[in-house]
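Inspection log for the structure reproduced underneath, given as structure tokens.
The values are calculated or read from the model by the stated rules, or taken from the named source; none is laboratory data. Quick caveat, the model's predicted, so the values are computed rather than measured. Methodologically, a virtual Cβ is constructed for each residue, glycine included, from the backbone with ideal geometry; neighbour enumeration extends over all protein chains shown. Quick note on the areas: whole protein, heavy atoms, side chains included, nothing else; ligands and nucleic acids left out. Shrake-Rupley method; radii C 1.70, N 1.55, O 1.52, S 1.80 Å.
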Amino acid sequence: MVGLKPSDVPPPLGVKVLSAGTAACIADLVTFPLDTAKVRLQIQGEKAATGAAKGIQYRGVFGTISTMVRTEGPRSLYNGLVAGLQRQMAFASIRIGLYDSVKSFYTRGKDNPNVGIRILAGCTTGALAVSVAQPTDVVKVRFQAQMKLQGVSRRYSGTMQAYRQIFQHEGLRGLWKGVLQSCYYLSTYAAVLNDNLPCHFVSAFGAGFITTVIASPVDVVKTRYMNSPPGQYRSSLNCAWTMMTKEGPTAFYKGFVPSFLRLGSWNVVMFVSFEQLKRAMMMSRNRNPFKLT
């Protein structure tokens with residue numbers, strides 16, 4: 001483009017998609033222990049503990065992390081990391097990498113879209129991303145919930161074995177378990193959080209707090225439903241009703257603090273990494289004859 005500096009040229013779609021997936025993986029590596037602590041707190045009290053798990057009680061985010069390190073070792077904080085990274089490459093590449101293109105499609109190329117268009121674009125890419133990446137989320141959550149203790153049986157021994165076993169015993173419905181709840185959670189996120197870096201950097205934790213307050217009940221139900229074996233719950237509504245009748249309304253906010261901390265810090269790390277990766281890829285692309293389009 002004549003008269004434009006290289007930094008003014010918008011990155012092509014391939015650069016956005018690849019840098020979004022990579023940046024999300026970096027953010028996951030940094031915040032994964034918080035996500036694992038959130039899952040453990042969300043499922044606590046769901047059913048009676050057995051064997052070596054009987055004496056384990058999680059209290060608070062840091063208490064949960066320290067208990068896991070003491071009883072299962074530090075590697076337990078990264079249970080499900082492989083599936084988590086697979087999820088981010090599949091999910092964030094679509095949800096964030098395609099966002100500008102979808103937003104431009106809705107505005108027909110016009111600048112400064114209104115909030116409604118931004119929310120619509122976020123919900124569109126979010127729904128598409130969830131529909132593709134849901135199996136990776138199911139496997140991730142099940143590994144995070146799985147304890148590595150003597151006398152406690154383990155459901156899965158490896159990531160690919162988990163995919164195969166879920167498909168064999170639960171079918172495609174098992175791999176896409178909780179997909180509607182994931183879509184609702186993402187629509188809440190899209191409605192609360194804006195789409196530019198200054199917003200993410202300055203108000204990531206504020207927006208993360210609002211999102212967690214609104215979406216935590218759905219997130220807890222989603223986690224329990226995705227982690228549940230066949231027959232435990234008839235549906236996600238049955239899961240929610242069981243929680244309400246057996247544990248009370250406070251159960252819907254289990255894992256609130258690690259969820260809030262993880263969401264805010266994840267957004268900061270992800271979007272800072274995203275901008276830096278896009279810049280680095282554009283510089284490399286300008287020097288490389290085999291350009292990523």
For the chain, built as a Gaussian network whose Cα springs stay under 10 Å, the top-fluctuating residue of ALA280, ALA37, ALA83: ALA280
Folded to 0 to 90 degrees: helix 179-192 orientation relative to the chain principal axis, Cα: 50
Distance (nanometres) between label positions extended 7 Å along Cα→Cβ at LEU172 and LYS246: 3.1
Accessible area of the stretch 218-293 belonging to carbon and sulfur atoms, whole % at 1.4 Å probe: 63
Computed label-point distance, nm, for sites ASP100 and ARG287 using a 7 Å Cα→Cβ extension: 2.1
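Is the shape of the stretch 46-173 best called rounded, prolate or oblate, per the rule: a/c under 1.5 gives rounded, else a/b larger than b/c gives prolate, else oblate, with a ≥ b ≥ c the square roots of the Cα gyration tensor eigenvalues? Please report the intermediate quantities before stating the final value.
Details: a/c = 3.25, a/b = 2.11, b/c = 1.54.
Prolate shape, in that a/c is at least 1.5 and a/b is the bigger ratio.
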Of LYS103, LYS16, LYS177, the one that fluctuates the most in a GNM where the chain has Cα springs shorter than 10 Å: LYS103
Listed values (1) 6, 23, 26, 20, 14, 8, 3, 1, 0; (2) 6, 26, 34, 21, 9, 3, 0, 0; (3) 6, 24, 29, 23, 14, 4, 0, 0, entry calculated as P(r) over Cα pairs in 10 Å bins from 0, in percent: (2)
Rough spin-label spacing in nm, given labels placed 7 Å along Cα→Cβ, for ALA280 and MET160: 2.9
0 to 90° range, to nearest 10: angle between helix 115-145 axis and the chain longest Cα axis: 40
Most fluctuating residue given options VAL132, VAL152, VAL39, as computed from a GNM of the chain linking Cα atoms under 10 Å: VAL152
For the stretch 236-280, accessible area per residue (1.4 Å probe, heavy atoms of protein chains only), Å²: 47
Positive minus negative residues near LYS38 (Lys, Arg vs Asp, Glu; Cβ under 9 Å): +1
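To the nearest 500 deg cm²/dmol, what mean residue ellipticity at 222 nm is calculated for the chain from DSSP H runs of n ≥ 4 alone, each contributing -39,500 (n - 2.57), summed and divided by the residues?
Details: 10 runs with 205 residues, N = 293.
Calculated at 222 nm, the ellipticity per residue is -24000 deg cm²/dmol.
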Angle in degrees between helix 159-175 and the longest Cα principal axis of the chain, rounded to the nearest 10: 80
